[in-house]
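The structure appears right after this line, and notes come after that.
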Amino acid sequence: VEPLFVKNIENVQGDERDIIIFSIGYAPDGRGRVNAQFGSLSQSGGENRLNVAVTRARERIYVITSLWPEQLDVANTTFAGPKLLRAYLEYALNVARGQFQPQPRRAEGWANATLLKHWLATDALRP
């Protein structure tokens, strides 16, 4: 059994677990407004930190938040991190409501020789 860990978005790189609980540490103030200060997520490269955080679960991720996606006003943010956080929260909400329908993409336009499974099925890697 792997030990439990608690880490912030900056320090989770390289760690994986079967189940991750991803807690969003932002909430509306007493007037219902959300301060758009998202720490390192609001900086250049913040989208990479978000990507790392939401891809650490091998099997399942639970998102815990006090925000609805529409409460995040990210229209005037400079960097992609906050915008992608809002998009991720929209996605997570759709999944939770059973409204998400996966739409696998076909690998059209790729030559069969460039697909790894085809390459491995041929003698390309054999001496």
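The values are calculated or read from the model by the stated rules, or taken from the named source; none is laboratory data. Here the structure is a predicted model, which means the values were calculated and not measured. Cβ sites come from the backbone with ideal geometry, for glycine too, and all protein chains shown count toward neighbours. For the accessible areas, the whole protein counts, side chains as well, though only heavy atoms, and no ligand, DNA or RNA atoms are used. Shrake-Rupley method; radii C 1.70, N 1.55, O 1.52, S 1.80 Å.
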Here the residues within segment 61-93 that are touching a strand residue (DSSP E or B) at 6+ places or on another chain (Cβ under 9 Å) and exposed (fewer than 12 other Cβ atoms within 10 Å of the Cβ) are Ile64
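Results for (1) farther than 24 Å from Arg97 by Cα; (2) of a type outside the set (A, V, I, L, M); (3) in contact (Cβ under 8 Å) with a residue 12 or more places away in the chain; (4) open to solvent by 60 Å² or more (accessible area, probe 1.4 Å), shown as yes or no for each residue.
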residue: Asn35; (1), (2), (3), (4): yes, yes, no, yes
residue: Ser44; (1), (2), (3), (4): yes, yes, yes, yes
residue: Leu50; (1), (2), (3), (4): no, no, yes, no
residue: Glu59; (1), (2), (3), (4): no, yes, yes, yes
Among (1) at pLDDT below 90; (2) part of a helix (DSSP H, G or I), which single condition is Ala75 missing? (2)
